[in-house]
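Some notes on the structure that comes next.
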Amino acid sequence: MDLEEMAALFVRLHSLYGPRSKWTTATFHLKSSGRMSLDLGYEDVEDFDAAPAVRNAWIEKYLGKDAVIDWQ
């Protein structure tokens, strides 16, 4: 399966949830064994002022408190 096929399936999965219960974030966890899991989030992404706090919470949860991110 190529990237375009995966993206199309992901969009289809998102549409199956219906307009009232669609997630706003998706975090994939890929293991070296080939297994995958998916965490769906329902955060309010419309509040742009909260974006840095939401991003920092995601980084701490998934990458660790001391993660160093190079945004360049």
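Read-outs throughout are calculated quantities, based only on the coordinates presented, and are distinct from any laboratory measurement. Since we're looking at a predicted model, the values are computed, not measured. Don't worry about glycine lacking a Cβ; one is built from the backbone with ideal geometry, like all the others, and counts go over all protein chains shown.
Helix-derived [θ] at 222 nm for the chain: sum -39500 (n - 2.57) over DSSP H runs of at least 4, divide by residue count, nearest 500?
-12000 deg cm²/dmol
Among VAL11, VAL54, a tally of other beta-carbon atoms within 10 Å of each Cβ gives an order, fewest to most, of VAL11, VAL54. Rg then Dmax, both in Å and based on the Cα atoms of the range 10-56: 13.2, 39. Derived scalar couplings between HN and Hα for the range 38-44 equal 9, 9, 9, x, 10, 5, 6 Hz in order, rounded to whole Hz, by the Karplus curve 6.51 cos²θ - 1.76 cosθ + 1.60 (θ = phi - 60°), x for Gly and Pro.
Put a plus charge on the Cβ of each Lys and Arg, a minus charge on the Cβ of each Asp and Glu, and nothing anywhere else: the dipole of the range 23-66 about its Cα centre is then about 460 debye. PRE reach from MET1 (point 7 Å along Cα→Cβ): which of the range 31-47 fall under 17 Å by backbone N? Those under the cut-off are 31-40.
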